[in-house]
Amino acid sequence: MKYFRVILSACALVNLPLPSLVLAQALAQVEDGPVEEVQVVGQRLPPPVADKVYQRLEMDRADLDQPVRGRLDDLLKSIPAFALFRRASSLSAHPTVQGPSIRAPGTNGAARALVLLDGIPINDPFGGWVYWSVLPTDDLESISIFPAGGAGRWGSGALSGTISLTSRAPETGARGRIGTSSFGTINALAAMGFAGEEGSLQLFGQAFDSGGYFLLPSDQRGVVDIRGASDAYSARVRGSRQLSENMVFSFSGAYFEESRVNGLEFSTNNTVGWDLSAVLSHDGQEGPDWQIQAYWSSRTFINSFASVDDLRETSRQVLSQFDVPGEGYGFSGMIRDRIQNVELEVGADLRRLSGATNENYRNLGAGFTRLRVAGGDELIAGAYVEASGQATPALLLSASLRVDYWRNFNGVRVESDLADGSITRQDVIANRDGTVLNGRVGFSYEPDHGGTTLRGAVFSGFRQPTLNELFRPFRVRNDITEANPNLIPERLYGGDLEWSTDWGPAKVSATYYRYWTLNAVANVTIALGPGVFPPTGFVPAGGSLRERQNLGRVLTDGLDLFATFLPWDEVSLTVRYLYANARITSASVASGLEGKRVAQAPKHKASIVGQIHKGRFSGEGHIIYVGKQFDDDQNTRVLDDFVAVHLNVQYEIRHGISLFATVENLFDTQIQSAISGSGILTLGQPRLWSFGASVSF
């Protein structure tokens, strides 16, 4: 029944007879032959010249069409520079650790990369993480990862860079895919649309339901451990209207639900989200380009944590975040024109965020005794100017300057007794604000236009701590982490130098980079259980008490290598390697951390992707290596390195109809995602088989 909710929700979003319209046109095409192709409209302006200067890592439609890695975050892991905080896929990982980073600049689970869908931010308004399970992978045309810091048009959140997702061009027709996998998993999607000279309308829905796998190894599980089941349902509508020869209005609306069981009866979470956006674009052709955007997002998050006894025979709900609403809206605008040989872009943006956590806590065995309400508001507004142009026929230069104003206000943390309502804690949280200046300068040099390029840049960026970091505490088994409303913005200063060349059918590049992350927000250990410690109270044996704090400085040195070549006409091979040495070089709040490596940041990551396309057959092999890493700030909990192999084959029975089979983690490698103070492991995805069919017309 849940699967029908996707289609019903999607149809409700558009409130139009789109399915019958598309089906009729598709059937007419089948019966009468191909119809005349028309040029469809869209909201996309030409990319700025600056994009040729700063490094960009890309995936195109051919990469996205491979179902070997169904989730978008799993697909992105073929680029070692991309990472979530933990190794687990969004198939099983808690939403709060699904914030992306680029090239290991950070020290906790917060997102340090801005994620855009058709230019609209989609990071969670309360916590900054991303709901990868409901992103429309099959509805994407390309993905671009910009590793440079967040100056220019990116702004706050793009501390280590930006991940830009671009939707498929509008098209008339329909397509669908359905598959079944291990652990009682069913995955289905459907899309249909209409595109013409005057406008377009596209509808997309997907549904996922899985019984999940055990999150602990068999020799550590007890009677309280259950499978990590999850489900996700989403619907999206997007459309455009040609208002004039050069002006397009486009819109998008999305709804999703996601639910998880995190391996224990009392460890669950659920999210309901809405997203709306509107864009007005003007392609000046021989005059200025300009664009105006407005967007709104809403999230309702429910989350529960449990503790377990040493024998794993009993569990108890210890924290119930029964209402964690988050809301955000924003506006942005830019104008771009050429002045002689220089492209000049000027823009401004504003984002307003609000959120709170309402939670019951302190359950000593007879039920909850305390209520906590904490939250606040955040405002970030910025403006920038960027200039790019050819200094010589071989040398392209770009420079930008950006200023941002941030403000935290309406902060509150009140704790009370559930029995009589008496106040047990009431913090006075002062309003705070500040101004941040960032910039970037880069060059691209092609000495002979023969395929060899030398590119370099220096840049800075900043990230305002999320409302989640400021106000929401959390607990993972017996490890407790406190929020901190006094956190200040992170700053990143960095630079990179890239050499790339084309050798016939091969492309090769090598990039050296160095980042200094100042005021890095980390989960700092302040006590080890058992005992009673302020401000939390009792910490059980084997557990720890941590607090989010600003460290002095994190230094990251790295080398990013890439090579792709075509040994035969039907075969391609891509190899990537990332060396990232991220360590804490200054920590005034915890001097014992100086010299230690950043948690969850391996030094070595690599991937090999091979693809073959021959007639109606296509296949992909994908090998990932992730080196050893630490799970904690003290560098005492070590997660082993691993190699995982993924395979996929597809066969087109006839035009528009294909069968596919995939296996993820072919050799059932143990992927260690987390380890507790008592040595309990949390595992990533085991071997998973999938079979299915796809159709389009």
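Read-outs throughout are calculated quantities, based only on the coordinates presented, and are distinct from any laboratory measurement. Predicted, not measured: the structure shown is a model, and the values here were computed from it. Cβ atoms come from the backbone with ideal geometry, glycine included; neighbour counts cover every protein chain shown.
Summing Cβ point charges (Lys, Arg +1; Asp, Glu -1) relative to the Cα centre of the chain gives a dipole of roughly 1620 debye.
Between 0 and 90 degrees, the angle of helix 2-14 with respect to the longest Cα principal axis of the chain falls at about 60 degrees. Simple rule: put +1 on each Lys or Arg Cβ and -1 on each Asp or Glu Cβ in the chain, find the dipole, and look at L395, T556, S156; the Cα lying farthest toward the positive end is T556.
Each distinct pair of alpha carbons in the stretch 403-468 adds a 1/r term; the inverse of their mean, the Kirkwood radius, is 17.1 Å.
Could you work out the relative contact order of the stretch 455-569? I mean the mean sequence separation of Cα pairs under 8 Å and 6+ apart, divided by the number of residues, in percent. In percent, rounded to a whole number, it is 28.
Using the Karplus relation 6.51 cos²θ - 1.76 cosθ + 1.60 with θ = phi - 60°, the per-residue 3J(HN,Hα) values for the stretch 492-504 come to 10, 10, x, x, 8, 9, 10, 10, 9, 7, 10, 10, x Hz, with x marking Gly and Pro. Farthest toward the positive end of the dipole of the chain, out of Y445, N108, S240, is the Cα of N108, where the dipole comes from beta carbon charges about the Cα centre. Semi-axes of the equivalent ellipsoid for the stretch 374-427, computed as √(5λ) from the eigenvalues of its C-alpha gyration tensor and ordered from largest down, come to 53, 9, 6 Å. Its relative contact order, with pairs defined as Cα atoms under 8 Å and 6+ residues apart, puts the chain at 12 percent. The C-alpha atoms of the chain define a longest principal axis, and helix 18-32 lies at about 40 degrees to it.
The separation of the stretch 433-481 from the stretch 232-274, counted between C-alpha centres, amounts to 26 Å. Rounded to whole Å, give me the distance from the Cα center of the stretch 120-171 to that of the stretch 661-697. Cα centroid to Cα centroid, the span is 24 Å.
In the chain, helical runs assigned H by DSSP with n ≥ 4 each contribute -39500 (n - 2.57); averaged across all residues and rounded to the nearest 500, the mean residue ellipticity at 222 nm is -1500 deg cm²/dmol. Given R₀ = 25 Å, what would the calculated FRET efficiency be for L379 paired with D323, taking r from the Cβ atoms and rounding to 0.05? Taking R0 as 25 Å, the efficiency between L379 and D323 is 0.60. Converting phi to 3J(HN,Hα) with the Karplus coefficients 6.51, -1.76 and 1.60 and the offset θ = phi - 60°, the stretch 362-368 yields 6, 9, 8, x, 10, x, 5 Hz in sequence order, with x at every glycine or proline. Across the stretch 131-147, coupling constants 3J(HN,Hα) worked out from phi with the 6.51/-1.76/1.60 Karplus curve, θ = phi - 60°, read 8, 5, 5, 10, 6, x, 3, 6, 9, 9, 9, 7, 10, 10, 10, 9, x Hz, and Gly and Pro carry x. What FRET efficiency, computed as 1/(1 + (r/R0)^6) with R0 = 56 Å and r the Cβ-Cβ distance, is obtained for W503 and D417, rounded to the nearest 0.05? The pair W503/D417 has a calculated efficiency of 0.20. Full extension of the chain between N341 and D65 yields a length gain of 95.4 nm, computed as 0.36 nm times the residue separation minus the alpha carbon distance.
Cα-based values for the stretch 2-696, radius of gyration first and Dmax second, are 25.1, 79 Å.
Radius of gyration (Cα atoms) of the stretch 313-437, expressed as a multiple of 2.2 N^0.38 Å: 1.76.
For the stretch 76-100 versus the stretch 535-555, the spacing of their alpha-carbon centroids is 22 Å. Here the stretch 83-212 has an Rg and Dmax of 16.6, 49 Å, counting Cα atoms alone. Multiplying the residue separation of I488 and D433 by 0.36 nm and removing their Cα-Cα distance gives an extension gain of 18.8 nm. A Förster radius of 35 Å combined with the Cβ-Cβ distance from I612 to R221 puts the calculated FRET efficiency at roughly 0.30. Put a plus charge on the Cβ of each Lys and Arg, a minus charge on the Cβ of each Asp and Glu, and nothing anywhere else: the dipole of the stretch 540-697 about its Cα centre is then about 180 debye.
Remark: relative contact order (the stretch 408-496) = 22 percent; criterion is Cα-Cα distance under 8 angstrom and separation of 6 or more residues. Toward the positive end of the charge dipole of the chain, with +1 on the Cβ of Lys and Arg and -1 on the Cβ of Asp and Glu, the farthest Cα among L165, Q650, G627 is that of G627.
Label point of S588 set 7 angstrom out along Cα-Cβ; within the stretch 515-539, amide nitrogens under 14 Å from it belong to 518-520.
Extension gain for V272-L401 works out to 42.7 nm (0.36 nm per residue, less the C-alpha to C-alpha distance).
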